[in-house]
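Participant: Would you mind keeping the following structure in view while I ask a few things?
The values are calculated or read from the model by the stated rules, or taken from the named source; none is laboratory data. It should be emphasised that the depicted structure is a prediction, and the values quoted were computed from it without experimental measurement. Cβ placement follows ideal geometry from the backbone for every residue including glycine, while neighbour counts extend to all protein chains displayed. Note: accessible area is taken over every heavy atom of the protein model, side chains too, but ligands, DNA and RNA are not part of it. Shrake-Rupley method; radii C 1.70, N 1.55, O 1.52, S 1.80 Å.
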Amino acid sequence: MKKKQILSLVVIAAILVVLVYFQFRSWRTFDWAKFRQYTGGVSLWHIAAAIALTYLAYLMRAIRWAIFLKPTAPTSFRRLIGPQIVGFAALGLFGRAGEFARPYLIARKEKLTFTSQLAVWTVERFFDLGSVFVLIATFLFLVGGEKVRLLEQDLHHGLVSVAASSSHKLPLLVAAVALLVIFYFLLRTAGGKLARALRAKFDSFKAGFNTIHDLSSFLQIVAVSVAMWLMIAGAYIQVLHAYGAVPVTMPNGISHIAEMRSLGLEDVLIVMACSMAGSVIQLPGGVGGSQLAVISILQSHFFSGAPTYVTPELAVSCGIMLWLVTFMSVVPAGVVLARFENISFLRLSAESSQEEELVEEKVAQEDTAGAS
């Protein structure tokens, strides 16, 4: 493992320790017996349906990648299913260290350059974020509902609070901007390795869009992306509905029935958005900010009231179950496929990381040549 990977893991682990500490400090009355009861009482049929939808999403990813390759290296999406599953299994096992396993495996299998597939991977991230944004905008702000009203209230209160305190916090804001400017210039003069890495990703992003050769391909990619994220949202719904009607006791001592089957697509999109935001902080094994973000939003005022009445114990159970189904369920199939194709996960993680570093070195050489 490289020094920068070790440093990143240490920093992320430290952040997670602090987050977990503050999270559990607020759960002084956490009942582990109830947590085990909620987790053991889930509907296995719903969990199986969620896993099936998760695997269908991997199939859609293979279809989308095949569309990306159509103008330069036409291939069957069936050939890309294996690399998708093995790549996501590597991501689950090694975290960010296995992030480039998919483009590396596809480049090796289709006899393409890693740089070209890194470009596809970069643009794939763009379509993922865009699809989730479109779904959230459509089902939250166009369909409406109680959750939208709460979001609007929170946004309004936040803006009013910022406006009310802006005069007092203006010096702090100016100081923060000045520190950012100083940090930027120090970073530029310190060697520019981070700048080269960012430029490499930006160049990959531009090159990735060259794979979209016409409007038809673009529309196909958009349709597949939206359908894929609807499947992922369906997996979230199935996991949450697996809890059914759960008798709970709120922190104030009042008993209720948590109707988890009342959660709809608009509710799940809020949870998904928080999960994606939290996934920035992630350790190997997929453990990290994603689970904490899901647990936090589930026990917030969005879901702690009628008809869901989510308690801390129920929120933790749901967060762990969502992680197991939507993130870790691919690992068994990935391990089997990797063994069938004689792929070592440890070697795969190292080789894909080395390929990424070679891309950054190439950018550095281009910078040097351009300067001379």
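Participant: For Ser300, tell me the accessible area in Å² from a 1.4 Å probe, rounded to the nearest 10.
Facilitator: So the heavy atoms of Ser300 present about 30 Å² to solvent.
Participant: Once both labels are modelled 7 Å past Cα along the beta-carbon direction, what's the Arg78-Lys109 spacing in nm?
Facilitator: If labels sit at Arg78 and Lys109, their model points lie 1.3 nm apart.
Participant: In addition: Would you rank His241, His301 by solvent-accessible area, highest first, keeping every protein chain in place and using a 1.4 Å probe?
Facilitator: Details: His241 30, His301 100 Å².
These residues rank, largest area first, as His301, His241.
Participant: Evaluate the distance, in nm, between pseudo-label points positioned 7 Å from the Cα of Met250 and of Ala333 along their respective Cα→Cβ axes.
Facilitator: Using points 7 Å along Cα→Cβ, the separation is 4.1 nm.
Participant: Would you check the accessible area of Phe141, probe 1.4 Å, heavy atoms only, in square angstrom rounded to 10?
Facilitator: 120
Participant: Moving on to the next point. Cα centroid distance between the stretch 45-123 and the stretch 304-347, in Å?
Facilitator: 18
Participant: Between Trp45 and Ser279, what length comes free when the chain is fully extended (0.36 nm per residue of separation minus the Cα-Cα distance, one decimal in nm)? Numbers along the way, then the final one.
Facilitator: Working: separation 234, 0.36 × 234 = 84.24 nm, distance 2.73 nm.
Computed gain between Trp45 and Ser279 is 81.5 nm.
Participant: Please compute the per residue accessible area over the stretch 45-124 with all protein chains in place, 1.4 Å probe, rounded to a whole number of Å². If you can, show how the numbers build up before the last one.
Facilitator: Details: 2870 Å² over 80 residues.
Per-residue accessible area for the stretch 45-124 comes out at 36 Å².
Participant: Compute, for Thr249, the solvent-accessible surface of its heavy atoms (probe 1.4 Å) with the complete set of protein chains present, and express it in square angstrom to the nearest 10.
Facilitator: 50
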